[in-house]
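See below for the structure under consideration.
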Amino acid sequence: MGSCDSSTSKHRLVLIPAAFLWLVLAGGCERSQSAPPPPPAPEVAAVTVNTQRVLLTTELPGRTAAYRVAEIRPQVNGLIQRRLFTEGSDVKAGQLLYQIDPAPFQAALDNAMAALAKAEANLPAIRSRAERFRALLAQKAVSQQDYDDAAAGLKQVEAEVQYWKATVQSARINLGYTKVTAPISGRVGKSNVTEGAIVTAYQPTPLATIQQLDPIYVDVAQSTAELLRLRRRLEGGEIRREGKEQNKAALILEDGTQYPQEGTFQFRDVTVEPTTGSVTLRMVFPNPEHTLLPGMFVRAVVKEGVQQQAILIPQQGVSRDPKGNPVALIVGPDGIVQQRILALDRAIGDKWLVASGLTPGERVIVEGIQKIRPGTPVKVVEWESPGKEPSKPQGVEQPPSKSN
């Protein structure tokens, strides 16, 4: 009886581990059969990199300057009798601006003319006397001294005539200077004198200033670093100038609006400003409505050249890594996300001009970036721009901004 109980206990001990093993295996099979499938690859929108022809521009700060400036100063001393213009009005070349009291100058002219008349009246008699003495000298009727005195008297009177002729001319010029006229056409500013003021010839303070506003100059500053960079790109063939339109420039006013008229490049200064390290570029803009006034701050959009093989990608496809480098996520041939460090040239509209880091045919992710990271497999759909993109630039591009 005791042996039977012992045998039964041994069988029970063997069955318990076996049952436990069966439960574990059954649970494992059950779990393996109920495990969910892996999540699908996230969907992202990407653009295919390609090259295109792009007109490159640069934006330079500057100020307007009058095309011509004339400071009006008196050329004789006197008293201002009348001011004959309206301050701030347009005047024509030769228009009378001020009248200086002409009375003393008229008197000086009359005096010179009287003296000239007197000298000219004496001249015939002195000339006849000298001619008679010449004839008498040939006959030995007068001495050589008498003839020399007569000849000297003639030359003296002739010199007096010339002197008074010059004096008359000078007096006439001074009388003309009492009428102060506009040397150029343009807009006259405020008058610094009023009727009754005493003025002096060539005084340091001008009576008024006239400025020609149409056309008008725009002087902008370009750094020598930018100038050298542009020259290298032109010489290397990376960009090139095309046609006379390359010398055109656009203008952005201080309030951000674009000036309706295009200007033309005139010249680049030959010296560098030592305090700023920049050179001055001068452009000429039509200004028929006198919208531009001298001294206004403006930004000139200057055409650098055309880049034939430019790569543009949407700005939303570029971010920054922890070091501040611009990066883009691209889809590799195997559908796996890769991170690429870029070198950016500038912003053109809502796109970045890529200097290096991308090649044509690669796909740059522009939507869905938040849900992926490098090494993630993705499903790619073609990105559609919310706005219609032009096939090639027309006219001047949006003002560029430099990327760091």
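Side notes on the structure shown:
- Residue match in the range 208-218 (condition: at pLDDT below 95 and either in a loop (DSSP other than H, G, I, E, B) or small (Gly, Ala, Ser) (or both)): no
Listed here are the residues, each with its yes/no results for (1) surrounded by 17 or more Cβ atoms within 10 Å (Cβ to Cβ); (2) over 30 Å from Leu79 (Cα atoms); (3) over 57 Å from the mean Cα position of the chain (by Cα).
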position: Arg127; (1), (2), (3): no, yes, yes
position: Leu136; (1), (2), (3): no, yes, yes
position: Thr167; (1), (2), (3): yes, no, no
position: Thr178; (1), (2), (3): yes, no, no
position: Arg187; (1), (2), (3): yes, no, no
position: Asn192; (1), (2), (3): no, no, no
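- The set of residues in the range 331-346 being surrounded by fewer than 20 Cβ atoms within 10 Å (Cβ to Cβ), hydrophobic (A, V, I, L, M, F, W, C) and free of Cβ contacts under 8 Å to residues at least 40 places away in the same chain consists of Ile341, Ala343.
- Taken as a whole, the structure places Asp269 among residues that are in contact with a Leu (Cβ under 8 Å, 6 or more places away or on another chain), acidic (Asp, Glu) and either under 30 Å from Ile80 (Cα atoms) or without any contact (Cβ under 8 Å) to a residue 60 or more places away in the chain (or both).
- Matching residues, the range 283-301, being of a type in the set (D, E, K, R) and surrounded by 16 or more Cβ atoms within 10 Å (Cβ to Cβ): Arg299
- The number of residues in the range 41-79 that are over 30 Å from Ala328 (Cα atoms), out of contact with any Leu (no Cβ under 8 Å at 6 or more places or on another chain), crowded, with 16+ Cβ neighbours inside 10 Å and β-branched (Val, Ile, Thr) comes to 1.
- For the range 349-361, the count of residues that are surrounded by fewer than 17 Cβ atoms within 10 Å (Cβ to Cβ) and farther than 30 Å from Arg241 by Cα is zero.
- Residue under evaluation Val142, criteria (1) free of Cβ contacts under 8 Å to residues at least 24 places away in the same chain; (2) part of a helix (DSSP H, G or I), criterion not met: (2)
- Candidates Ile184, Ile216, Ile198 - the one that is in the same structural domain as Leu97 (by TED's automatic domain parsing), over 19 Å from Leu96 (Cβ atoms), in contact (Cβ under 8 Å) with a residue 40 or more places away in the chain and not hydroxyl-bearing (Ser, Thr, Tyr): Ile198
The values are calculated or read from the model by the stated rules, or taken from the named source; none is laboratory data. Remember, it's a predicted structure, so these values are computed and weren't measured experimentally. Positions of Cβ are backbone-derived with ideal geometry, glycine not excepted, and every protein chain shown enters the neighbour counts.
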